[in-house]
Amino acid sequence: MTRSPRENIISRAWPWLEAGLGLLFPPRCLGCGRAGAFWCAACDAQVVLLSGPRCPSCGRPQPKRRLCRHCREHPLRLRARAYALYQGPLARALVSLKYRPHRPLADMLGGWLSELVTRQRWTPSLVVPVPLSPHRMRHRGYNQAALIARSLAGRLGVPWDEGALSRRHETGTQVGLDHEARWHNVAGAFSAMEESVQGRHILLVDDLLTTGATLSACADALRAAGVSEVWGVAVAQAQ
């Protein structure tokens, strides 16, 4: 498609405008608030990567790679992994992403998750973000998991589809709920578009993994729509 003269002028001027705004309003680290960059080296050094023996189902650190207590009580319908622990600067950055669609941060997190998926040797054919409730989507105007999923899909070289999953009804927040209540809260809450997902290998994406209830409920909906394989990744895992 040929650009108009106005679009060409904007395209050439935008890098200079962006640089000027950066001088007038230096970015601040989303982890600690220091001026200079949206993510500083000091905060990056505090990210605690998840490694070593883990629960084969949810990826929670677990001696001897045995199923953790949570997965024994509520078996997940997929394998899930998180990149790092939800604490310190990373936790503050993820909270900020819920209230501001910071694309550079989402792109960085997508890069982290691409490393995780590569290590797991998973081969998805479609990347799908965990959907927000309609109320939250109207209120925020964006889905932070979708921002991360878009970056991740681009790095993996596979398509992504924000509309492949939806919530059938409003669900209350999972914050503050105990393990049992989290599972009850999202049971049957999702539906999948069969024509978009049937026969695919789906990679679900979320920002935070706690009990795995949400990812598992999403996996149920996807399998009911004819998905052959489902995996789940999250940026951080709650302790």
message: Can you go through Pro75, Pro104 and tell me which one is surrounded by fewer than 15 Cβ atoms within 10 Å (Cβ to Cβ), out of contact with any helix residue (DSSP H, G or I) (no Cβ under 7 Å at 6 or more places or on another chain) and part of a loop (DSSP other than H, G, I, E, B)?
response: Pro75
task: Please enumerate the residues belonging to region 43-67 that are without any contact (Cβ under 8 Å) to a residue 24 or more places away in the chain, among the small types (Gly, Ala, Ser) and on the phi < 0 side of the Ramachandran plot.
output: Ala45, Ser51
field: Subset of region 158-183 (residues that are of a type outside the set (D, E, K, R), surrounded by 13 or more Cβ atoms within 10 Å (Cβ to Cβ) and either part of a strand (DSSP E or B) or modelled with pLDDT under 90 (or both))
entry: Trp160, Leu165, Ser166, Thr171, Gln174, Leu177, His179, Ala181, Trp183
statement: In region 108-137, residues that are part of a loop (DSSP other than H, G, I, E, B), out of contact with any strand residue (DSSP E or B) (no Cβ under 6 Å at 6 or more places or on another chain) and at pLDDT 95 or above total 2
- prompt: Looking at (1) in contact with a Pro (Cβ under 8 Å, 6 or more places away or on another chain); (2) without any contact (Cβ under 8 Å) to a residue 12 or more places away in the chain, which is the one condition that is false for Gln144?
  reply: (2)
- request: Using the structure shown, decide if Arg54 is among the basic types (Lys, Arg), over 15 Å from the mean Cα position of the chain (by Cα) and closer than 19 Å to Leu208 by Cα.
  value: yes
message: Name the residue that is farthest from Val117 (Cα to Cα), counting only residues in region 33-51 that are of a type in the set (A, V, I, L, M, F, W, C) and assigned to a loop (DSSP other than H, G, I, E, B).
response: Ala37
field: Exclusive hit being under 18 Å from Gln237 (Cα atoms) and assigned to a loop (DSSP other than H, G, I, E, B), set Pro89, Pro56
entry: Pro56
statement: Conditions (1) surrounded by 16 or more Cβ atoms within 10 Å (Cβ to Cβ); (2) more than 15 Å from the chain's Cα centre (by Cα) -> Trp112 fails only (2)
task: Within region 46-64, track down each residue that is among the hydroxyl-bearing types (Ser, Thr, Tyr) and surrounded by 14 or more Cβ atoms within 10 Å (Cβ to Cβ).
output: Ser57
- line: For Thr211, the lone unmet condition from (1) out of contact with any Asp or Glu (no Cβ under 8 Å at 6 or more places or on another chain); (2) farther than 15 Å from Arg54 by Cα; (3) touching a residue at least 40 places away in the same chain (Cβ under 8 Å) is (2)
query: Which condition breaks for Thr118 when tested against (1) surrounded by fewer than 20 Cβ atoms within 10 Å (Cβ to Cβ); (2) under 18 Å from Ala164 (Cβ atoms); (3) β-branched (Val, Ile, Thr)?
result: (2)
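The values are calculated or read from the model by the stated rules, or taken from the named source; none is laboratory data. Keep in mind it's a predicted model, so treat the numbers as computed, not measured. With ideal geometry, Cβ positions are generated from the backbone for all residues, glycine too; neighbour counts draw on all protein chains shown.
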